[in-house]
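The values are calculated or read from the model by the stated rules, or taken from the named source; none is laboratory data. What you see is a predicted model; the values in this text were computed from it and never measured. For neighbour counting, all protein chains shown are included, and Cβ atoms are generated from backbone atoms with ideal geometry for every residue, glycine included. These accessible areas exclude ligands, DNA and RNA; they are computed on the full protein's heavy atoms, side chains included. Shrake-Rupley method; radii C 1.70, N 1.55, O 1.52, S 1.80 Å.
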Amino acid sequence: MLEIAQAVPRTVRTSDGRVTGYYEYGDPGGTPVVVLHGTPACGAGFAWADTGARTRGIRLLAPDRPGIGDSDPWDRGRSPTVDMYPPVLSAFADALDVGKFCIVGYSGGGPYALAAAHAVPDRVPGVAVVSGAGQVGVWASVDDFEATDRRLTHLANRAPALARVVLSFSARFARVAPLTSLRFAQIEMPSADRAVMAGYPSARAGLAVFTESCRRGAAGVIDDYDALGRPWGFPVEEIAVPVRCWHASSDRTVPIRHSEELVRRITGAQLSRWDAGGHLAIIDHFGEVLDALTEIA
């Protein structure tokens, strides 16, 4: 059984007046590490990381991106892009009096972690990208993703209003009937990921990463899908801070070639392959990731 900490939603108001929702795990007085969630997800999904971070003296900060959880949405002037996120992340860190911080970007959080490494290298000594999604339109395609993510990304790009309706219904159903919802979700999962999900104390706990992302509606998650379904807006080749990547060879949600291509483009980047496990392999190997970041920092 996985050891799951209580995921307590918190908020902080940044200097620009925006509210950012976040979760905190590990050692409150430890070295700060920011962990960026995937899609459709939020910071509540890292509750399993509490003990590993605490034993290593790490304060793990898991912010929700704009419009997700309790975070204020993007301004509606234009569709958000990945390269718009670093100022939001920097303002969040400032509000918590955090200066420098390493970043773990998981799945759809990987591109945002790389954007921060590119935009504010003076604050980010190192980045870990785990099962990271590739740059659609450059070396990756929406069709590379698992069926549900593929459909939602296409809808987010082409019919966002419909995408919000679809995702809102899914989130409501997951809250009312978590066991049935989880069974539907597991249809697309390989056996390794189903085994990880079986370690959660309940279906509701396993789905919190999704249901909590839609606390105030599905618009923020759909914005996330939209941004990840287009080019990121910055050249990864210019990233100069250390980048380490991890990816399971049998990951069906995001294929490992996305990470292989990423490390080919960034000077000095390294890729470690996990031969066992799927997209959720991070849960079993997170200590390894944190130890590597500690060496970088």
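The set of residues in the stretch 163-210 being assigned to a helix (DSSP H, G or I) and acidic (Asp, Glu) consists of Asp193 alone. Just one of the listed residues (Val196, Val142, Val138, Val130) is in contact (Cβ under 8 Å) with a residue 12 or more places away in the chain and touching a His at 6+ places or on another chain (Cβ under 7 Å), namely Val142.
Only one of the numbered conditions (1) surrounded by fewer than 24 Cβ atoms within 10 Å (Cβ to Cβ); (2) out of contact with any helix residue (DSSP H, G or I) (no Cβ under 6 Å at 6 or more places or on another chain) is not met by Gly21, and that is (1). The set of residues in the stretch 14-32 that are in contact with a Cys (Cβ under 9 Å, 6 or more places away or on another chain) and either under 30 Å from Leu167 (Cα atoms) or aromatic (Phe, Trp, Tyr) (or both) comprises Gly21, Tyr23. Of the residues making up the stretch 123-152, just one is assigned to a helix (DSSP H, G or I) and crowded, with 24+ Cβ neighbours inside 10 Å, namely Leu152. Among residues of the stretch 237-262 that are open to solvent by 10 Å² or more (accessible area, probe 1.4 Å), those with a beta-carbon under 6 Å from a residue that is basic (Lys, Arg) at least six positions away or on a different chain give the pairs Glu237/Arg265; Ser249/Arg273.
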